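Shown next, in structure tokens, is the structure this report addresses.
The values are calculated or read from the model by the stated rules, or taken from the named source; none is laboratory data. All of these numbers come straight from a predicted model, not from anything done at the bench. FYI the Cβ positions are ideal-geometry reconstructions off the backbone, even for glycines, and counts take in every protein chain you see. Protein only, heavy atoms only, side chains kept; ligands, DNA and RNA dropped before computing areas. Shrake-Rupley method; radii C 1.70, N 1.55, O 1.52, S 1.80 Å.
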Amino acid sequence: MYPYEIIFDLGLYEIMLVVGFFGALLYFRIFADRIGFGARMQNLCIGCAMAALVTGYLSAVLFQAFYNSLQDGVLEVTKTTGATFYGGLIGGALLYIAAYFGVGHFVLKKGETVRNFQPLSNIAAGSIAVAHGFGRLGCLFAGCCHGAVTDKWYGIYHVHLNAKAVPTQLFEAIFLFLLFGYLTYRLVKGKGHNLAVYLMAYAVWRFFAEFLRADDRGATVIRALSPSQLTAVILFAVGGAVLAVELWLAKKETAHEA
């Protein structure tokens, strides 16, 4: 890990977040051009992404504050509150969807927002995965989201713990980049349901990866589950619902064409 400032008061954590965000935008631009999204559609999506980034960060902090309050009995936001990825994903996604359909109703042609949403979600899955992967590398450098103290060969020295810890951040980054590669392969081959694949695959990974984590992140209403494990269960269900709806719509469209 390297939790030190490098340039302009920024450390590798912030730099990795910026790299991930612009990597996600580049990925979107490449595949948006590939499937024929027009300029208005692309500008709408990028604008929604910028708004979702800000909202997602605020949501990530508020989610963590809520988890902390379940454990401490006090709901407050301070410099040490922290943030949770799931909170950012949920808040950012809700804002993105609302802005996409709300603003899109006025700037796109009738029916275009609905028609383009599934292709957009297929691209968005890869964009989220690559941004998430770089974000986890940022966590590795910052020292947050770490695993338990260990003397194993794969342990990485943790400055704040003054000991080696399981690099859960690195393991998750590797998983996310592999998932990103698989989602990209599916996109190139014209396969759908990528968003559902991302949600369900990451939920399964995160649920079991939590057993390696050792940083305190608050409590949930179900004491046996960490905040991230409870959210993983919900996220898996959401992914399954997205997949079911997409399959139903595809079947309905096929029947209509027949």
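For the range 136-156, which residues satisfy the criterion of being assigned to a loop (DSSP other than H, G, I, E, B), of a type in the set (A, V, I, L, M) and within 15 Å of Y4 (Cβ to Cβ)? Of everything in the range 136-156, nothing turns out to be assigned to a loop (DSSP other than H, G, I, E, B), of a type in the set (A, V, I, L, M) and within 15 Å of Y4 (Cβ to Cβ). Within the range 114-169, the only residue that satisfies the criterion of being over 18 Å from the mean Cα position of the chain (by Cα), among the polar types (S, T, N, Q) and under 18 Å from L212 (Cβ atoms) is T150.
Filtering the range 1-20 to residues that are in contact with a Leu (Cβ under 7 Å, 6 or more places away or on another chain) and hydroxyl-bearing (S, T, Y) leaves only Y2. Flag: N43 matches the condition of being surrounded by fewer than 19 Cβ atoms within 10 Å (Cβ to Cβ), of a type in the set (S, T, N, Q), on the phi < 0 side of the Ramachandran plot and not in a loop (DSSP other than H, G, I, E, B).
Against the test of being among the aliphatic types (A, V, I, L, M) and open to solvent by 70 Å² or more (accessible area, probe 1.4 Å), the options I15, I35 yield a single qualifying residue, I35. Being within 24 Å of G138 (Cα to Cα), surrounded by fewer than 20 Cβ atoms within 10 Å (Cβ to Cβ) and of a type in the set (S, T, N, Q) is a property that T78 has. Candidates A83, A39, A98: the one that is closer than 27 Å to F207 by Cα and among the aliphatic types (A, V, I, L, M) is A83. If the condition is being touching a Phe, Trp or Tyr at 6+ places or on another chain (Cβ under 9 Å), surrounded by fewer than 18 Cβ atoms within 10 Å (Cβ to Cβ) and modelled with pLDDT of 85 or more, then the range 201-233 contributes V204, W205, L212, V233. Which residues, taken from the range 157-200, are open to solvent by less than 20 Å² (accessible area, probe 1.4 Å), touching a Lys or Arg at 6+ places or on another chain (Cβ under 9 Å) and in a helix (DSSP H, G or I)? Of everything in the range 157-200, those that are open to solvent by less than 20 Å² (accessible area, probe 1.4 Å), touching a Lys or Arg at 6+ places or on another chain (Cβ under 9 Å) and in a helix (DSSP H, G or I) turn out to be T168, Q169, E172, A173, L176, N194.
For A49, the conditions (1) crowded, with 19+ Cβ neighbours inside 10 Å; (2) within 28 Å of Y157 (Cα to Cα) are fulfilled apart from (2).
For G102, the conditions (1) of a type outside the set (A, V, I, L, M); (2) open to solvent by less than 90 Å² (accessible area, probe 1.4 Å); (3) in a helix (DSSP H, G or I); (4) under 23 Å from R136 (Cα atoms) are fulfilled apart from (4).
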